[in-house]
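The values are calculated or read from the model by the stated rules, or taken from the named source; none is laboratory data. These numbers come from a predicted model, not from an experiment. FYI the Cβ positions are ideal-geometry reconstructions off the backbone, even for glycines, and counts take in every protein chain you see.
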């Protein structure tokens, strides 16, 4: 796929939106770091053996709380650096093995690892619901996909397969919450009611249908005959679930909260729509089908 910058551009936009959204949410809001730092079963023995704190003193200490908050904010600033690294990597796509480009790609690798850790923290916060972790597959793998495209280090077919796996994991796990296999988030119901103007019972019916379609799509993207229509649906539904964060919480009287919180919730979900776009393009594009080229 030489002389074609479009897939790299899509992967870059996905990463920029993802990292900007996560950066804002960490710096301005919160992240589930306390699920580790305040885990009594995990840390009580260590804290009481290696510090002057009792466990109660530790969890109520404003100094400790400020340390955790500073760590969260620090990760937020790091995600902002990752967003700039994504743009820089795209700008240097012609020289992906230059010292600067390799350095930027290293930052992207660290960003991917950080996103995996974040997904694990959310998983722990949800009582180790494994679906909570893999729902973020398109997010924490987006920087990896960008690096693969930049370095021309993977065959087209293998990349498509990895992209499809990420999509299937994301949509399947989203579907598990939609149908109530895991406790259905009240936010899902509220957003459906606010956008579709239906009652709670019909909102639940809609979510059950949407969840079933998530499972169907996760299978059909691997069936050559149905892959493109399924991916097109994935683009639409991935876009809809991202935009729904703003649409369901848009109030003229409270625009500051809408754009200060929900806009960024939408932004870091861009990979849910753009990863399927990337697969659709790779399936449709013509040319060299063995290696992905970076000379764009």
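Observations on the model:
- Total residues in the range 144-171 satisfying the condition of being farther than 30 Å from residue 100 by Cα and either surrounded by 19 or more Cβ atoms within 10 Å (Cβ to Cβ) or touching a residue at least 60 places away in the same chain (Cβ under 8 Å) (or both): the figure is 6.
- Selection from the range 245-257 of residues that are assigned to a helix (DSSP H, G or I), under 24 Å from residue 27 (Cβ atoms) and touching a helix residue (DSSP H, G or I) at 6+ places or on another chain (Cβ under 6 Å): 245, 246
- Any pair with Cβ under 6 angstrom, 6 or more apart, that starts in the range 113-142 at a residue that is over 19 Å from residue 272 (Cβ atoms) and ends at one that is in a helix (DSSP H, G or I): 121/35; 124/35; 125/35
- Single residue of the range 258-296 satisfying the filter (modelled with pLDDT of 95 or more and not in a helix (DSSP H, G or I)) that is nearest to residue 12 (Cα to Cα): 270
- Residue within the range 172-180 that is in contact (Cβ under 8 Å) with a residue 12 or more places away in the chain, under 17 Å from the mean Cα position of the chain (by Cα) and under 24 Å from residue 80 (Cα atoms) present: no
- Scanning the range 159-178 for residues that are over 19 Å from residue 269 (Cα atoms) and in contact with a helix residue (DSSP H, G or I) (Cβ under 9 Å, 6 or more places away or on another chain) yields 159, 160.
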